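**Q** Take this structure, written in structure tokens, and hold onto it; I'll ask about it next.
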Amino acid sequence: MRRKCIVCGRDAIIYVPYARSAFCREHFERYYERRIARTLKEHGFRGGRVLVALSGGKDSVALLAALVRLRSELNIEVEAVHVNLHIHRNQFSDVSLDVSKRVCEALGVRLHVIDLKETTGLTLPELVSASARKPCSVCGLVRRYLLNRFAWERGFDWIATGHNMDDACTFMLKALLTERLEDIARAPEVVTPPRPELRLVGRIRPQLFTTARENRTYVAIRGLPVVEVKCPYSEEATLHKYMKLWEHIVRVNPVSPVTFLRTVLRIKRALGEDAELRTCSRCGFATTGDVCAFCRLMERVRRET
Ligand code: SF4
Ligand code: ZN
Ligand code: ZN
């Protein structure tokens with residue numbers, strides 16, 4: 001039998017297992033936006049200038065669309081930024097930039113573009129070849145650094161990123177099963193406040209308690225485009241078995257994503273403070289050592305190219 005919307009009784013288009021509720025199109029849209037707003041408020045978010053890191057994937061497109069709707073309720077100004085990584089195999093970067101532009105046009109949002117090649121002189125594949133790190137590690141490092149620097153220089157209070165609950169849970173499950181306490185210590189939080197003394201812009205992850213499926217459904221309801229091609233460096237294969245295991249856990253206990261994530265965040269707090277941060281002696285942005293990882297990467301690249 002077809003499930004019915006818990007609010008109005010019409011045919012449902014989605015069942016949300018952890019909420020044990022089904023929704024029609026209209027009421028899911030409202031539920032989703034309420035959940036984003038509530039997640040932020042419950043974690044002490046009080047508004048400001050928000051820069052949404054827009055990759056063009058379903059999570060960040062849904063995030064931008066929801067935040068634009070919630071502007072006055074959350075007391076935020078919203079702009080978006082896309083990092084062009086210049087990954088040209090399967091046209092990944094061209095498609096991602098094109099989708100980001102179309103999404104921002106449809107939502108009436110200003111889009112900034114950080115061009116990796118213009119900023120560092122190199123494309124992501126070139127940076128990867130010159131580094132000893134794995135591609136996604138290089139990519140994460142340069143994106144984190146460039147987004148923070150860009151947002152800091154333009155006076156944004158927050159960077160919003162599209163972390164979804166399934167990815168966070170899978171990553172944390174792997175960390176627990178492989179004894180990687182350092183990954184638990186870095187577990188993503190909904191709100192990481194700014195630290196101006198370290199030139200660190202605040203971070204918000206408003207979708208930490210929404211699933212990938214909810215994000216995809218919300219984007220479809222809003223009629224927005226998303227990038228359908230996969231990044232050729234995607235490391236999904238290495239996480240595949242943990243994804244399968246996680247899906248099984250959710251089938252057995254549908255509420256487990258929410259409780260699991262809350263438990264991990266409590267363990268993280270019990271583990272104590274992150275490594276102490278200071279400012280990089282080269283660029284002046286936050287780091288744990290004397291020279292930050294981005295500056296070290298750039299120095300290595302300059303030596304090798
Ligand atoms: Fe970057 Fe890896 Fe994501 Fe590709 S899959 S965009 S390399 S983090
Ligand atoms: Zn309904
Ligand atoms: Zn530096």
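Coordinate-derived values only; no laboratory data. Keep in mind the model is a prediction, meaning the values are calculated, not measured. Neighbour counts run over all protein chains shown; Cβ positions are idealised from the backbone, glycine included.
**Q** Which angle from 0 to 90°, rounded to the nearest 10, does the C-alpha axis of helix 92-107 make with the longest principal axis of the chain?
**A** So the helix axis and the longest Cα principal axis differ by about 60 degrees.
**Q** Under the definition of Cα pairs under 8 Å and six or more residues apart, what whole-number percent is the relative contact order of the chain?
**A** 20 percent
**Q** Another one. Tell me, what are the semi-axes, in whole angstrom and largest first, of the equivalent ellipsoid of the range 21-173 as set by the roots of 5 times the Cα gyration tensor eigenvalues?
**A** Sorted largest first and rounded, they come to 28, 18, 16 Å.
**Q** Related question: To the nearest Å, what is the center-to-center distance of the range 168-197 and the range 1-62, using C-alpha atoms only?
**A** Result: 23 Å between the Cα centres.
**Q** Below 11 angstrom from the Cβ of GLN207, what's the summed charge of the other residues (Lys, Arg +1; Asp, Glu -1)?
**A** -1
**Q** Under 1.5 on a/c is rounded, so check that first for the range 29-275, then, if it is not, pick prolate when a/b is larger than b/c and oblate when it is not; a ≥ b ≥ c are the square roots of the alpha carbon gyration tensor eigenvalues.
**A** rounded
**Q** Can you put LEU181, LEU208 in order, fewest other beta carbons within 10 Å first?
**A** Least crowded to most crowded, the residues run LEU181, LEU208.
**Q** Rounded to the nearest 5, what % of DSSP beta bridges with both residues in the range 29-275 are antiparallel?
**A** Given both bridge residues lie in the range 29-275, the antiparallel proportion sits at roughly 15 percent.
**Q** Just grab the label-to-label distance for SER129 and ILE249, each label 7 Å out from Cα along the Cβ direction, in nm (one decimal).
**A** Computed distance between label sites SER129 and ILE249 equals 4.0 nm.
**Q** Would you please name the GluC sites (Glu not before Pro) within the range 203-276 that are DSSP coil residues with at most 11 other C-beta atoms within 10 Å of their C-beta?
**A** Values: sites: GLU214, GLU228, GLU235, GLU236, GLU247, GLU273, GLU276; in loops: GLU228, GLU235, GLU273, GLU276.
Sparse-neighbourhood loop GluC sites (Glu not before Pro): GLU228, GLU273, GLU276.
**Q** For each of CYS104, CYS283, count neighbouring Cβ atoms within 10 Å of the residue's Cβ, then give the residues from fewest to most.
**A** Fewest-to-most ranking of CYS104, CYS283: CYS283, CYS104.
**Q** Once fully extended, how much extra length lies between ASP183 and ARG10, figured as 0.36 nm per residue of separation less the alpha-carbon to alpha-carbon distance? Provide the component values of the computation, followed by the final result.
**A** Numbers: separation 173, 0.36 × 173 = 62.28 nm, distance 4.33 nm.
Value of the extension gain: 58.0 nm.
**Q** In degrees from 0 to 90, rounded to the nearest 10, what is the angle of the helix 135-153 Cα long axis to the longest principal axis of the chain?
**A** 90 degrees
**Q** Setting aside same-chain residues fewer than 8 positions from LYS244, which lysines have a Cα under 22 Å from its Cα?
**A** Output for LYS244: LYS58, LYS174, LYS230.
**Q** Moving on to the next point. Each residue of the range 171-178 in turn: what ³J(HN,Hα) in whole Hz from Karplus with 6.51, -1.76, 1.60 and θ = phi - 60°, glycine and Pro shown as x?
**A** So the Karplus estimates, Gly and Pro as x, are 5, 6, 4, 4, 4, 5, 7, 10 Hz.
**Q** Hey, what angle do you get for helix 293-304 against the long axis of the chain, alpha-carbon based, 0 to 90 degrees rounded to 10?
**A** Approximately 50 degrees, to the nearest ten.
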